[in-house]
Every structure is written in structure tokens, then in C-alpha cells.
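Only the coordinates and a few stated rules stand behind these numbers; no lab work does. All values reported here derive from a predicted model rather than from experimental measurement. Virtual Cβ from ideal backbone geometry, glycine too; neighbours counted across all protein chains shown.
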Amino acid sequence: MSYELIVNGVEFEVASPGMRRLLDVLREDLGLSGTKEGCGEGECGACTVLLDGEPVVSCLVPVCQADGHAVRTVEGLATAGPQGPVLSPLQAAFLEAGGAQCGICTPGMLMSAEAFLASGASPTEEAIREAIAGNLCRCTGYTKIVEAIELAASGRGVDAASDA
Amino acid sequence: MPAEPPVVSPTSLAQAFVLLAAAPHRPIAGGTDVMVQIAAETTPIPERMLDLWRLNELRGIGLEGGALVLGALTTYTEIRRSPLCAEHAPALVEAAATIGAVQIQNRGTLGGNIANASPAGDTLPVLLAMDASIVAGSLRGERTVAAGDFWPAYRRTPLRPDELVLRVRLPLVPGRRVRYRKVGTRRAQAISKVVMALAWREDGGVWRDVRLALGSVAPTPIRATETERVLEGAAPRETVADHAAAVLRGELRPIDDVRSTAAYRKAAAARVLHRLLREEGGW
Amino acid sequence: MTITTRPGPAAPVSPAAPSPVRLPRAGELARGHARGAPLRREGPAKLTGTALYADDLVTPGAWYGATIRSTEPHARLLGLDFGAEFDWSRVVVVTAEDIPGDNVVSLITDDQPILVPVHGEIRHQAEPVALLAAADRDTLREAKARLSLRTEPLAPVFDPLVSSQVFAHYEMGKGDIAAGFAAADLVVEGTYRVGHTEQLYIENQAMIAIPREDGGMTVTGSLQCPYYVHKALKRALALDSERAVVIQAETGGGFGGKEEYPSLLAVHAALLARRIGRPVRMIYDRHEDIAATTKRHPAIVTHRTGVTRDGRIVAQEIDLVLDGGAYCTLSPVVLSRATIHAGGPYDVPDVRITSRAVATNTPPNGAFRGFGAPQVEFAAEMQVNRIAETLGISPLELRRRNVYREGGVTPTRQVLRESVAAEEVLERAAEAAEFERIRERTARERAARTAGVRTARGIGLALGWHGAGFTGSGEERMGSVASVELTAEGAIRILTASTEMGQGTKTIFPQLVADELGVPYDAVEIAPQDTSIVPDSGPTVASRTAMVVGGLIVKAARRLRAQVEERTGRPFAESYLHDAQTWGGTREDERFEPYPGVHFDDATYTGDAYPAFGWACAVAEVEVDLDTGEVAVRSVVAADDVGRVIHPVLAEGQVEGGTLQAVGYATIEEIKLHDGRYLNDRLQTYLIPTAVDAPRIDAILVEAPFAGAPHGAKGVGELPMDVGAPAVVAAIHDATGVWIHDLPASPERILAALDGHKPPGPPGISA
């Protein structure tokens, strides 16, 4: 079967069995290996991507259900700059605050955080923790991840204020 | 990497019914159970799959004929965000919020929870306690099954191979209250050890139409009918609570498994019930 | 054949091309979290998804490998049955007969086979018996389902207390134990048990083997110790050093779990690749990873402690049994550390510690953050907290009266001459957490509690110590080498085998060298962890990277600087480019030399067991649901003495992460076994804390430098793991009045104590 995916704003035509995991299509067919597999059963969140803006675990999404939908992966966060890609404010905040250690949960964690920030929800510590509760991290104890998301949220707040 | 059985993705319910009438298919909604079963090979790999995700006829939450009606493809996130659910079924909203975490809530569906028929299905005790009815359909037409008849044995449902869960009806009962409590190993992404929903209607200082439903304490979601009898016509006083908790402890027959022990499940269920009664009684 | 990054698809991939990624400039962020320290070196690659972990590497023409494992805990292997209905020419099978070198996983003893041979003994449920490879995964799955084992069952042993096979045993002590107990006013006894736990790095074990044109093998994978794998590979494949090459891919966490197991996996992948003459990928899924790889050793620790009424601990008699599982692996070394740390950080005049590590028919246990210390320090701190309760003395005050101070003597008769910060971490954590004030409050709440109260708050404290680096003369025997070079092109490069797995090696090493040379951080490069490039600087374990290998590169950099400055007569930073142009490259290899004045006698097991100790204190606050026994750990204040802080953000990250692992150990993490098999071998059933389970963690870094290391650092990785669990269990006691002697202090164990029903069985024992 052939499916159409809009990944990080670019349209792709993918020939694949419909029950193939979105995770495998991204990693193997599209070469987007930034999305990681940690458990293959929807528990760890390492494979989190945004499907129409909402976080999903791509190991539990058959590609037939993503047909015609917009997928955003970690590769879609940084933007092109004159000297190469520029980290998004969220990525930069993770770097600054120490939110990434071994890095294997980081792509999924970033996608959950990105959706949370985009939702406009108030970035209280409790809300941030709930937003990333589906993403397991074994390195950080989550403290610096929560700080990084707070930091990114405060940056966005400043931007919004200065735009206004 | 899991197996990839063939799948068809009909775009209308009529198409889906025709496909199901022609040959058995394993339905897949949000995939949060089915994809795990295929990956873990805990069930035989299905011969062919039927993707329900495009069946928009199975979406939507509305009020209809004195009931809150939820389409089978309603996700837990949609339940959490629905003002109608907040008003008429807050216990269902509470249950939806305890399932997995954001990613699972975005894909997992109420119909999937019902059809998967796990004894640990987190919404199922709510459906039992609220006297829900489940509408199933096929090319042969629709039929309605009471939640109380929907899970007759471990992971079994009355669905025939050509049938799909279409929607759930939660009758609106004036004055009814429902309490919900899930006991899991951790605060997110956890399968329950004990899950409980308690419904009643207060009438002249005593409780009527008491329903006490539990999950993860038996091969199916169950009603604790002996304990219900203790509470029926009674008021949530301390002596009643003591008695009801003791009866519940005696009534349940849970098992030891990888998540918990039978002794814990009995004790926790009894103590949680006692707590709910204490809170309602205000003593 | 080489590993390349994945070829792009026909259509454009994504607007985000690979690195270099520009780091945010100063002032681009709202607040300066890195506090002047450099940003994580490989951070941008990890944050953009361009960092390449083993499973991300593309290997054209590679086949997929799989392992056929035993399904019985103890049996004689009679043969392999190849199903008739399958065309076996579609796959390749490797058995013990196909091993060109020795059929042993090279560790401490040669007891563990790479594959069990026919007529050999199967000793655990997940033991590898044969290997399969196929060009695609469907064929592999089909073949796997059709290959079965013929066996003759043997009686298994699951209880370490009845096991007669002893891997190692120790007896150590000081003073006169009988006199010690004679001087005691009372004796407190206790037995504490802990079960298996899983490291649960989020990246599963993964290894890719690629045959070399010279007849050798290159293995790339997720690993902590390139030279351990190198040694195992050489021996199993009968290769010389040059033709066996081991390369570390980006590694998604280790925590000890990638210390020894990668040797086995690398050899498996290499045997298949050798047989086929093609690359072979062996990427475990989570189920296989949990089922087959090493766990933290279960332990049974019995304490008998003599104390005086005024709170002096005068005699300690401790017996310790570790369950090593089916094979020896590193158990003797784990046991050694456990034995030395068993008494806790207290100066007790009369001590006797006996210990043994024994075999059971369960998968082998191995390294996990703390390496034996968390098990025994849980027991030691439980004992001290119970003594405090018995005497009616505050747990803080009791510790003040007994902790090691400078001049203290340990059970190996090591005199603690310097860098003793037990008191400091104790006071700093207790003060920051307002331990005494909150303890008074929780005591009042407990006294006033009525039957209807649902939740109870409690606070608990634990103190610990952790010997820095290898035990005894391990470091001396290892003779690690690390290098710093100025290349002919003028690049400054660090060459070590120390791996980055999240803890920050690739950031702190350039920091140390840049600081020593007086050049910017970005001017210092770090060579890849590839055995054909870097020297053997030992394994990345035992919190030794910053202290030992960091010390070596500081010394190497110091010599490099002196050389260049002598030749040019100008400061290194101004002259090294010119020096390289004029003189070509200069490389300084630094070999480990014993720290001055540090001596250990292996024969008598006495002396300086460690060059120095790190010290840690944790204060935990919990809220217990009295209806269900559920525990919410609200906060942990962790004060950790790391010698010298090299990078505050990374060091705090270690303390926070280790603390949460300890909270998981305390509350929910438990492998359950049946017939010697792990029952919860998936992430749906083996649960670790999520962000909503994690407490607020306040890390306090304390610096008591170790003079033996040029930069004073002692290591930070394992310390926090030693103290979190007993602090949490003490807080549960403070809240509820019940002591939970076994880990985890699960709701099942807590509610059994509160409700008076039968508790679950002890942890770590197979049903």
C-alpha cells in the first residue's frame, strides 16, 4: 500500500504494509533516526512524535492511521540558519539547563514538551510533570528536564510580551 | 520488529460491516492494546486487520434520549476535554485521566477499552456503576447489550466476529453520584491493582440504586453485589462502612500476579471503599 | 565495509540537516543555567536527533541476528531440533562448535560459556544456546520459532541461603568483637533483604559486527568498556589485538548494565558475522534485554550491633549473602565492595564482617550503579535508624556521635587521613531539609493522628560513603593509560577509552585539559572511543572516570604544556600552533601510578581499600496513603561530597538521577521470579518512576578534595544511589510507625504491616 505523510512540513509518499509502525517508517524509510525505540509497547515514550500536533507513541501507530496526517519529529525542531541549523528555544533550554544526559529519551521528551508549550497551558511544575509523564528518563531524575521546560516557557513568555 | 498482518482501512461503517461479514478481521482503533499484543506476541498474530480509525461515524460525544452517548472511537483525551463528560460523567473523566499518559490518552479509545475486555480496563467499572449500555452493530443491524452482560469471562465479550462496538450510552440519572478510585503502582503509565467505581442516588437520607464495580480483582470487571446489598437503603455511617468493607473483603476473590497480591487487593479495596463512605458520610 | 549514516530517501528528508549546530550564544537564554561551565559537548547532536546510537547506524547488506535461549533454569543440553518444515538454508546457525577461540565470556573466572555446548549444562532460564541470522526479520522470526532444544532437566537451586556453590567469601574486621559486645548496654539485631533490580537504560543493548578485510572483526555498539569487549572478542575469535576493533556508538545509558554484558553480545554478533561474511546487527528488544541481561545482586544482610545508652556504636557483627546468579561474572568484586561498605560510615571500635556470594539458577547478576554498596548501606542505615528509635535519640544526633572523622579507622584498618566529609554532608543536608524541625512536626502529627486520617507525612535521613575508584589494588593492576596530544596540524586531542553514556565524560575531559593548558574549551577535541585509536584507560565504571582518568589527562596535559613552553619559551596558548608547525605532533601518554601513601594488601585484605571515600547524605520526605500503602516521595535533599566539582550542572545531574534511581529502588522496583525466570520482563510490568512520581530533588554539592588526584575530584556517579533508599524507608517509618525491612517498601509490604495481613514473600527469591 501507499501512504502519504507530511513529515516536518514535507510531503512523502511511502510504500509500506499498513500495519507497519510509524516508528519504523520514519527511521527506516525516511532516514529520520532521531525518533528512538525504547520498549516497543508504548510505555517509555522514547518514540514520541506529534501527529497533527498531539503527542503519540509512534511504536503503537500503524502507518495506515497516519495516512494524510502531519507528523512532527525531533528533526523538525531546529530551524535553518546561515551557519547551519539553529536550536529551537526548547532545545537550547535543554542544552543550557542540562535536560539531556544520555540523550536517548531526549527526542521523545522534546516532542512532548513542545506539544505542552504549544498548548498554551500554564507552565506550572505540576502541569509540566504531567505533560512528560509518558516519557521515561533514567538519567536525570527529571529535575533538569522540568527546569528546561520552565526555562523555555519563560523564554516564550518574554517573546510573546515583546511581540505585543 | 513486530509482525505486520494485512490491514484494510474502510472510510464508512457500511464498508466496514461488509468487510466483516465477508471474513473475520481483528479491529484496530487507537492501537494502544492491539499493537502491544502484536509486538509482544501475547496473542496469535491476526490473519487480517480492520482499521477503524477513519470511521467518523464512531466519533462524537452528545446527549440523546436521556443519555450521554459516546462514540466508540472517543479518545481518553476527548473525554478529558469534553464539557458534557465533565457535567454528566465526571467519574469517567477521572478514569480517563488515570490511563497511561498523554500519548496513550491521545490514541486509546473508550470502545477499545470495552472490546479489549481486560479485567484491568480502567473505564469499565465506571460503565458498570453507571448502568451503561453498549451498542454493537453489524450488517445484520444494531443491538444493545447492558454493561453488566458485556464481560462474561476472562477477556471475553458477547461481540460476534462481524460486530463492532459502535457507541456507549450512559443513562442520565437525576441525583446520581459516582466516585472513582484507581490504585496503581505509580502515578502515570500504570495498570491498576484495584480500580473502583461507586454509584448511588441519595433518597431521604439513605442510598438507593447502589452500584459498586471493581476492576483487577477478578477475571473480569465485576459488581460487588453482596456489598451493594449492605449499602442499599443505608446511610454512609461508620458502622455501615465497617460492615460494607468487611463484606467486600470477604466477597472478592482476587489473585496473586506480577502486579500485586490477592491479600493486598482485598485489603486495599476494602479500605478504599471505607474511605469513600467516610468522605461521603462526612465523619 | 564501513558504517555510514543512513542514506537519505528519494524525497527530501527534513529541513534539519545534520550538524554542526550553532550553540545558543550568551544572553540568548533567559537565565544562565550552566553557570559559566561549558555546554554538554555532544548535547546539540542529541537534541537534534543527529547523534547516532547503534540502532541508528546503517549497515548495507547486514543480516539480523537472534539468540536461541534455554527455557529451563537447570538442565543438560542434549541437542538442537531443527523443524522439518523450514528451509534452513535461508538462515545461518552458530553453535558452540563454531567458536574458533575459547568458549568463555572473559571476566573474572572462565565459568560462563558464550554458547552452551551439546552435553553441556544449562544453568539459567535465559542462557544462550545457539545463534541465528537471516537477511530479513520475518525469516529470522520464522526460523526462531522452529528451532527447539532437547534437554534433560536437573534440579535447580533458587535460595541463596541453601546454595552450596560459593563464588567468593570474605571475612574482615578490627578490634575484639567479644569485648565490644561486652561493653555494650544493649544489642540490636536485624535482617534486611533486597531483590533484583534492572538498570533500565532506555537504549537496549545493541551491537553490530562487521568482518574486516584483514580477517578480523570490527564491533560497534552500546557499551561502557571498549577494552573489556576487545579482550572478550580477541579470545573468542582467536584474534590478535590489531584485528579486533571495538567502537562505542552513542550510548543511551549504562548504569553498570553495559559493563559486562556487551562482551557477550559483541561476541555473539561477531560469531554470526564471521560465519556469514557480512555485517550482523544484534539489537535487543526490551523484553530480551530485561530477561537476559544482568541485574543488581539480591542480598540478605544480618546485623547485630552493640550500643551504649549514650548512643555510641561499640560493636558491629554483620553477615552478608549476595545472590550471584548462575555465573560468577563480577560477583567477587561486587562482594568485596559490599563487604567493605557494610558497616556504614561509622567509626566502630570492634567490627566483624563475614560475607559470601553464591550461585543460584537464575540469570547472572552484575554491575549496577553502586556495585554492592546500595544493598549493604540500605541495611546499615536501617539498622542505625532502628537503633536511634530504640535509644530514643534523634537519628541525626546518633550519627553525629558515630561518624568517621579524620583519623578514623575502617574495617580494613584503613586510616582516613584526609577528605572525610561525613559530618559536613550530614549537617548540610539536615539543615537544608530542616530535618529536626520537620521531624518534630511529623511526630506531633503522628501522636495526634485519629483513625480517620488518610495520609501521613514522614521524614527520614540516611548517611553513606562510597570508596572512590576500584577496590584495593585494582587500579594498580589495571595500569591504565590516557593521552593528550598536540597533533602536527595543531589540534589538541584527548585519547582515552572512557565512554560517554550521559554522565558527561566528553564535556569534563576537555574542560580539565583546557584549564590545564590555558586554552578555550572548544580548542580541545576528544578522540572517538575506538580501540584502534585510543589507549586502554580502563573501564568506565566505579565512578573512576573523573578521578582516575581525569587525573591522568590532567597530568598528561601538564607535561604537554611544559614541553611546548620549554621549546617555545612562551605560554602554551600563544605558542602551541607554532610549536606544532615547527616540531610536528607531540603526544603525552600518562600511565597510572599508585597514589602516594595508598597501600592495600590483597592477601590479608587490609589497608587502604580506596584512595579516598565520597560521602553522601539524603533526607527524604514522604506522604503515605494509609488506606493503600502508596508512597509519594515529596522531596529529597541530597548532599554529596565529590571532592571537587568540575561541572556543576553535570554533577547535579548525577546526584539527581542517582537519587531518583534510589527512590525507585526504595519504593517500586522489584523483579519477581517464577521457576528462575523474571516475570516482569517488559516495561509494562517492570516499572520505574515517571516525572509525576519523582520528588523534587535538591542537590547540594560538597567539596572535600582528594589530594592524591591532581584536580581533587573523587567521583560522583554512584554516591547518591547508596543513601536514597534507606532515607525513604526511614521516612515511611516516621509517617506510619512501621519498619519495612525488605526492598522495595512496596504498598503491598506497607499495607500488610498496617493492616495486619500476610506480607508478600521476600524479594529476590524465585517461586
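Distance between the pseudo-spin-label points of C:Arg441 and B:Ala21 (7 Å out from Cα toward the beta carbon): 6.9 nm.
A simple spin-label model places the labels of C:Trp583 and C:Lys144 5.6 nm from each other, with each point 7 Å out along Cα-to-Cβ. The share of Cα pairs per 10 Å bin across chain C, counted from zero up to the longest distance, runs 3, 14, 23, 25, 20, 11, 4, 1, 0 percent.
For region C:498-538, how big is Rg over Rh, using alpha carbon atoms and the Kirkwood form of Rh? Intermediate values should be presented prior to the final figure.
Working: Rg = 10.9 Å, Rh = 11.0 Å.
Taking Rh as the inverse mean 1/r over Cα pairs, Rg/Rh reads 0.99.
Tell me the Kirkwood radius of region B:19-144: reciprocal of the mean inverse pair distance over distinct alpha-carbon atoms, in Å. Here the Kirkwood hydrodynamic radius works out to 15.4 Å. Dividing the alpha-carbon radius of gyration of region C:116-228 by the rule-of-thumb value 2.2 N^0.38 Å gives 1.83.
As a proxy for reagent exposure, C:Phe82, A:Phe12, A:Phe94 were ordered by neighbouring Cβ count within 10 angstrom, fewest first; the result is C:Phe82, A:Phe12, A:Phe94.
Using the Cα centre of chain C as the reference point, and only Cβ charges (+1 on K/R, -1 on D/E), how large is the resulting charge dipole? Debye, rounded to the nearest 20. Present the calculation step by step, with values, prior to reporting the outcome.
On the way: 76 positive and 100 negative charges, 129 e Å.
Using only the charged Cβ atoms, the result is roughly 620 debye.
Computed over region A:1-131, relative contact order equals 25 percent, with contacts defined as Cα pairs under 8 Å that lie 6+ residues apart. Considering only B:Ala129, C:Gly343, B:Ala263, whose Cα is most displaced toward the positive end of the charge dipole of the protein assembly as shown, charges sitting on Cβ of Lys, Arg (+1) and Asp, Glu (-1)? Of the options given, the answer is B:Ala129. Principal-axis analysis of the Cα atoms of chain B puts helix B:238-251 at an angle of about 40° to the longest axis. Against the main long axis of the alpha-carbon atoms of chain B, helix B:262-281 sits at an angle near 60°.
On the basis of the beta-carbon distance and an R0 of 22 Å, C:Thr604 and C:Glu418 show a calculated FRET efficiency of 0.40.
Using Cβ counts within 10 Å as a stand-in for footprinting exposure, how do A:Glu147, C:Glu97 rank, fewest first?
On the way: A:Glu147 22, C:Glu97 9.
Going from least to most buried by this count: C:Glu97, A:Glu147.
Pairs exceeding a 21 Å alpha-carbon distance, out of C:Lys506/C:Lys555; A:Lys144/C:Lys46; B:Lys266/C:Lys758; C:Lys295/C:Lys672; B:Lys182/B:Lys266; C:Lys174/C:Lys714: C:Lys174/C:Lys714. Ranking C:Ser148, C:Ala130, C:Thr95 by Cα position along the charge dipole of region C:62-149, where only Lys, Arg, Asp and Glu carry charges on their C-beta atoms, puts C:Ser148 farthest toward the positive end.
If you plug the beta carbon distance of B:Glu232 and B:Arg143 into 1/(1 + (r/R0)^6) with R0 = 30 Å, you get a FRET efficiency near 0.50. Taking a ≥ b ≥ c as the square roots of the eigenvalues of the alpha carbon gyration tensor, region C:360-421 is oblate, as a/c is not under 1.5 and a/b does not beat b/c.
Other residues within the sphere of radius under 14 Å centred on the Cβ of B:Gln15, judged by their own Cβ, net out at -2 (K and R +1, D and E -1). For region C:179-257, the orientation-averaged shadow of the C-alpha convex hull comes to 9.9 nm² (one quarter of the hull surface).
Calculate the translational D of region A:103-158 in whole µm² s⁻¹ from Stokes-Einstein, where the hydrodynamic radius comes from the Kirkwood formula applied to all Cα pairs, the temperature is 10 °C and the viscosity 1.306 mPa s.
Values: Rh = 11.2 Å.
Translational D for this selection: 142 µm²/s.
Taken as Cα centroids, region C:606-645 and region C:670-720 sit 10 Å apart, rounded to the nearest whole angstrom. Let's see if you can work this out: charge +1 on each Lys and Arg Cβ, -1 on each Asp and Glu Cβ, no other charges. What is the dipole magnitude of the protein assembly as shown about its Cα centre, in debye to the nearest 20? In debye, rounded to 20, the protein assembly as shown gives about 1880.
Give me the percent of DSSP beta bridges within region C:463-593 that run antiparallel, rounded to the nearest 5.
Values: 10 of 13 bridges.
Counting DSSP beta bridges with both partners in region C:463-593, the antiparallel share is about 75 percent.
Computed over every Cα-Cα pair of the protein assembly as shown and binned at 10 Å starting from 0, the pair-distance distribution P(r) comes out as 2, 9, 18, 23, 22, 16, 8, 3, 1, 0, 0 percent. Using equal-weight Cα scatterers in the Debye expression, the normalised intensity of region C:284-375 in log10 at q = 0.20, 0.23, 0.25 Å⁻¹ is -0.89, -1.07, -1.19. With q set to 0.11, 0.13 Å⁻¹, the log10 of I(q)/I(0) for region C:433-582, from the Debye formula over equal scatterers at the Cα positions, is -0.56, -0.67. When the alpha-carbon atoms of region C:574-690 are used, the pair Rg, Dmax equals 23.9, 77 angstrom. What residue among C:Ala84, B:Thr144, A:Val63 has its Cα farthest toward the positive end of the dipole of the protein assembly as shown, where the charges are +1 on Lys, Arg and -1 on Asp, Glu, each on the Cβ? Towards the positive end, the residue furthest out is B:Thr144. Peptide A:51-61 has a mean shielding of 6, counted as Cβ atoms of other protein chains within 10 Å of each residue's Cβ.
Distance from the alpha carbon centroid of region C:520-545 to that of region C:199-260 works out to 15 angstrom.
In this entry, region A:16-125 is assigned a mean projected area of 8.0 nm², taken as a quarter of its C-alpha convex hull surface. Dividing the alpha-carbon radius of gyration of region C:198-345 by the rule-of-thumb value 2.2 N^0.38 Å gives 1.39. Cβ crowding within 10 Å, taken as a proxy for footprinting-reagent exposure, orders C:Val524, C:Val484 from fewest neighbours to most as C:Val524, C:Val484. Scalar couplings 3J(HN,Hα) for region C:627-635, obtained by applying the Karplus form with A = 6.51, B = -1.76, C = 1.60 to θ = phi - 60°, are 6, 10, x, 6, 10, 10, 7, 7, 8 Hz; x denotes Gly and Pro.
Could you give the size of the charge dipole of chain B about its Cα centre, using +1 on the Cβ of each K and R and -1 on the Cβ of each D and E, expressed in debye and rounded to the nearest 20?
Details: 36 positive and 29 negative charges, 103 e Å.
Using only the charged Cβ atoms, the result is roughly 500 debye.
Per-residue shielding of C:509-517, expressed as the average number of other chain Cβ atoms within 10 Å of the residue Cβ, stands at 0. Shielding of peptide C:618-626 by partners, expressed as the average count of other chain Cβ atoms within 10 Å per residue Cβ, is 1. Its residue count N sets the reference 2.2 N^0.38 Å, and the alpha-carbon radius of gyration of region B:66-137 equals 1.00 times that reference. Under conditions of 25 °C and 0.890 mPa s, chain B yields 126 µm² s⁻¹ as its translational diffusion coefficient, taking Rh as the Kirkwood radius over Cα pairs in the Stokes-Einstein equation.
Grab the beta carbon distance between C:Val738 and B:Leu84, set R0 = 60 Å, and tell me the FRET efficiency rounded to 0.05. Don't skip to the end; give the middle numbers.
Values: r = 45 Å, r/R0 = 0.75.
The value I calculate is 0.85.
Between C:Asp530 and B:Ala153, the modelled label-to-label distance comes to 6.2 nm, taking each label 7 Å out from Cα in the direction of the beta carbon.
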